Amino acid sequence: MNRPDPTSRRRASLELLRAEAADELSVLIAERLRAGEDPWDFMDDLPTVDELVVFMLRAENILEAGGVKPTEARHYRVLRQIALDYPPLTRSVWRLLGSTNTSRLWDATVRSDAN
């Protein structure tokens, strides 16, 4: 009997990842609304569902690497690999690669007035 290798990585389907990201996005919106923010002021700042999926996959990669923050070169390679593994996410990956400080721009605790 062949047993699955516990060290092998199981990839979730893109549909499942998008559903999880949509749930997370709805939580972000609810938190901002409960804090009294006007949706007209923050909705454009929130990531898209696909951008959240890319962030989740990137975070998963960082955890697998021992939680060490990636260098700029490694960040590029990780995002590029995400685009190769999930072709429908390519547009979001390249949009994030073209932005500076893309980590949690939507988070009020990270956001600065300069953004």
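The values are calculated or read from the model by the stated rules, or taken from the named source; none is laboratory data. In this text the structure is predicted, and so the values were computed from the model without any measurement. Please note: Cβ atoms are built from the backbone with ideal geometry, for glycine as well, and neighbour counts cover all protein chains shown.
Some observations on this one:
- Tabulated pairs, segment 10-35, first farther than 16 Å from VAL54 by Cβ, second assigned to a helix (DSSP H, G or I), C-beta under 8 angstrom, 6+ apart or interchain: ILE29/PRO39; ILE29/MET43; ARG32/PRO39; ARG32/PHE42; LEU33/PRO39
- Total residues in segment 50-86, condition under 18 Å from GLY98 (Cα atoms), of a type in the set (Val, Ile, Thr) and in a helix (DSSP H, G or I): 4
- Some residue of segment 8-17 being in a helix (DSSP H, G or I) and surrounded by fewer than 14 Cβ atoms within 10 Å (Cβ to Cβ): yes
- Of the residues in segment 25-48, none is at pLDDT 95 or above, under 16 Å from PRO88 (Cβ atoms) and not acidic (Asp, Glu).
- Against the conditions (1) in a helix (DSSP H, G or I); (2) of a type outside the set (A, V, I, L, M); (3) within 14 Å of the chain's Cα centre (by Cα), PRO47 satisfies every one except (1).
- Test: LEU57 is surrounded by 15 or more Cβ atoms within 10 Å (Cβ to Cβ) and out of contact with any helix residue (DSSP H, G or I) (no Cβ under 8 Å at 6 or more places or on another chain): no
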